[in-house]
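Remarks on the structure that follows.
The values are calculated or read from the model by the stated rules, or taken from the named source; none is laboratory data. Just so it is clear, the structure is predicted and the values come from calculations on it, not from any experiment. Don't worry about glycine lacking a Cβ; one is built from the backbone with ideal geometry, like all the others, and counts go over all protein chains shown. In case anyone asks, the SASA skips ligands and DNA or RNA and just uses the protein heavy atoms, side chains included. Shrake-Rupley method; radii C 1.70, N 1.55, O 1.52, S 1.80 Å.
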Amino acid sequence: MYPTNYYIALGTNVGNYKNNFSAAISELSKLGQISKIANIYKSKPYGYLHQNYFYNSVLELKSKMMPIQLMKNIQLIEKKLQKNKRIVNGPRKIDLDIIFWGKKKFRNQNLFIPHPRAKERDFVLLPLIDLDPFFRDPETQLTIKDLLKDLKDQYVIKKLSYRNLFQKIF
């Protein structure tokens, strides 16, 4: 089996975001090859509003794993890094979500790819634009840029250019 490109979203708002992202990226690199990492974006909370700002990014992971296997490994990483999510959309040390699996779709009772709510979140779409602005959502066939244009709500308040931070990890 050949590696497939996955886009994985990273989010954190508990503890030091640089340390949290560094630890997550280090663990994710054991699941395949990280080929691209987007800038980091600071954003207002989504859903549960009484919490700190979030820091978000997206990376491209080339992996031979099937989606369920990758999801289980990602959940182990979140557990190892002490995700500590107690409230839906609430504070967490690290949150990792599979957004896209190449141009493929995947559905079962525990996992939906493309991520069903990614299209509603500028803090996911803006980092995706850093990686590939012309990537097409397999469901709508719209580019990431077009999806961003259609958004009503905006959460991102600042782009932090910290790609250099990630280069030290590899």
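What to note about this one:
- Per residue, the solvent-accessible area of region 1-74 (1.4 Å probe, heavy atoms of protein chains only, all protein chains present) comes to 44 Å².
- Choice from Val88, Val124, Val58 showing the highest fluctuation, given a GNM over the chain with Cα pairs closer than 10 Å: Val88
- For region 19-170, size of Cβ-based charge dipole, Lys and Arg +1, Asp and Glu -1, in debye: 360 debye
- For the chain, built as a Gaussian network whose Cα springs stay under 10 Å, the top-fluctuating residue of Asp97, Asp153, Asp137: Asp153
- Neighbour net charge for Pro3 - beta-carbon separation under 12 angstrom, K R +1, D E -1: +1
- Within straight-line reach of Lys79, meaning a Cα separation under 17 Å, sit the following lysines at least 8 residues removed in sequence or on another chain: Lys30, Lys93.
- The chain: C-alpha gyration tensor shape, a/c 1.5 cut-off, then a/b vs b/c: rounded
- Result for the chain in a Gaussian network model with C-alpha springs under 10 Å: among Tyr41, Tyr155, Tyr55, the largest mean-square fluctuation is at Tyr155.
- When +1 charges are put on Lys and Arg Cβ atoms and -1 charges on Asp and Glu Cβ atoms, the dipole computed for region 118-164 relative to its Cα centre reaches about 240 debye.
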